[in-house]
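Single-structure report; data block below.
Each reported figure results from applying straightforward, stated rules to the coordinates on display, with no laboratory input. Please read these numbers as outputs of a predicted model, since none were measured by experiment. Here Cβ is always computed from backbone atoms with ideal geometry, including for glycine, and neighbour counts include all displayed protein chains.
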Amino acid sequence: MDWMLKDLATSVPETRHVVVLSSDGLCIARYGDDPDAADRLAAACAGLQSLSVAVASELPHGDGRMRLVVIEMDGGFFYLMAAGTGAYLAVLADAGVDAGLMGQRMRDLIARIGGHLTSPPRTTEPVT
């Protein structure tokens, strides 16, 4: 899957990191120079995803699920998009990124491979 993440990163200038993660913050796949940064982003995303669900529950009409979180900060943007049951796509990009193009490319990637990005819940039961 890493080559598909590379394709996203190289097709949108100013992209720093692309991470696919499970809802509990484990990095499933990544593209970027720093594997530790990918793990930190994945862990932080679990908190953002949880926070977005709590906020969404305040809306009277909706299912309470997070679809997209965008954070603009000094120096860049952060995107977190639902990618399948229990899986998310996260991107960290520099300030010069084309925000519309990034959103479009993220949606395109999820449409192509979203079914393969499902992360089933972990259980503590022994596997037989």
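Per-residue ellipticity at 222 nm computed for the chain from its helices equals -12000 deg cm²/dmol, with DSSP H segments shorter than 4 residues left out and the rest contributing -39,500 (n - 2.57).
Averaging the sequence gap over all C-alpha pairs within less than 8 Å and six or more residues apart, then dividing by the number of residues, gives region 1-40 a relative contact order of 35 percent.
Which value, in debye to the nearest 20, describes the size of the charge dipole of region 2-117 about its Cα centre when Lys and Arg Cβ atoms bear +1, Asp and Glu Cβ atoms bear -1, and nothing else is charged? Could the numbers behind the result be given before it?
Values: 9 positive and 15 negative charges, 80 e Å.
About 380 debye.
Assuming R0 = 30 Å, can you tell me the calculated FRET efficiency for the pair H61 and I113, based on Cβ-Cβ distance, to the nearest 0.05? It would help to have the intermediate numbers written out before the result.
Details: r = 30 Å, r/R0 = 0.99.
The computed FRET efficiency comes out at 0.50.
From most to least packed by mean Cβ count within 10 Å, the peptides 101-108, 14-21 give 14-21, 101-108.
Taking 0.36 nm per residue of separation and subtracting the Cα-Cα distance, full extension of the segment from D74 to W3 would add 22.7 nm.
Peptides 45-53, 88-96 ranked from most to least packed by the mean count of surrounding Cβ atoms within 10 Å: 88-96, 45-53. Values of log10 I(q)/I(0) for region 2-117 across q = 0.16, 0.17, 0.23 Å⁻¹ run -0.69, -0.78, -1.40, by the Debye formula with one identical scatterer at each alpha carbon and no solvent.
Under 5 Å between amide H atoms, partner at least 5 residues away or on a different chain: which partners does L68 have, H built in plane at 1.01 Å? Amide H to amide H, under 5 Å and 5 or more residues apart or across chains, L68 pairs with A82.
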